[in-house]
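Just so it is clear, none of the values below were taken in a lab; they were calculated from the coordinates. It should be emphasised that the depicted structure is a prediction, and the values quoted were computed from it without experimental measurement. Neighbour counts run over all protein chains shown; Cβ positions are idealised from the backbone, glycine included.
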């Protein structure tokens, strides 16, 4: 069986960062075809610029109509169409700046990194780099 690959998801607001890591849920408007088993790298703006702050593996994908009334209202407020539920999420001890990874050569910033597809080797490279860094 071929391993599902993944992508980068950018978390736009600080309060949403904690929500993602506390609930293991990410709400999105991205039209991409999400699949269970896909790995997602979480990116946000930090004191070191855009940086990876963790990752997760998708367990379930829900359409808006499958969510609770409270979740549906929040989705409508923000224009989200789907909810991604993660098997697990891992927060890195320290953020890993984009400029310290192979992605620096792409010269993409902020929202242009959101949804960027990555191959499993690329995902693992970033995770290994983030988990081995010592500050």
Pairs of Cα atoms under 8 Å, at least six residues apart: use those to get the relative contact order of the chain, whole percent.
33 percent
A student applying the Cα gyration tensor rule (rounded when a/c is under 1.5; otherwise prolate if a/b is larger than b/c, oblate if not) would label the range 72-121 prolate
Can you give me the distance in nm between label points at residue 133 and residue 69, each placed 7 Å from the Cα along the Cα-to-Cβ direction?
4.4 nm
Fewest-first sequence of 23, 105 by Cβ atoms within 10 Å of each Cβ:
105, 23
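With each run of n ≥ 4 DSSP H residues scored as -39500 (n - 2.57), what mean residue ellipticity at 222 nm is computed for the chain after dividing by its residue count and rounding to the nearest 500 deg cm²/dmol?
-7500 deg cm²/dmol
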Would you mind computing, in nm to one decimal, how far apart the modelled labels at residue 14 and residue 121 are, each placed 7 Å from Cα along Cα→Cβ?
3.9 nm
What is the order of 66, 85, fewest Cβ neighbours within 10 Å to most?
66, 85
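How would you rank 34-42, 51-59, highest first, on the average number of other Cβ atoms within 10 Å across their residues?
Values: 34-42: 18.7, 51-59: 20.4.
Output ranking for 34-42, 51-59: 51-59, 34-42.
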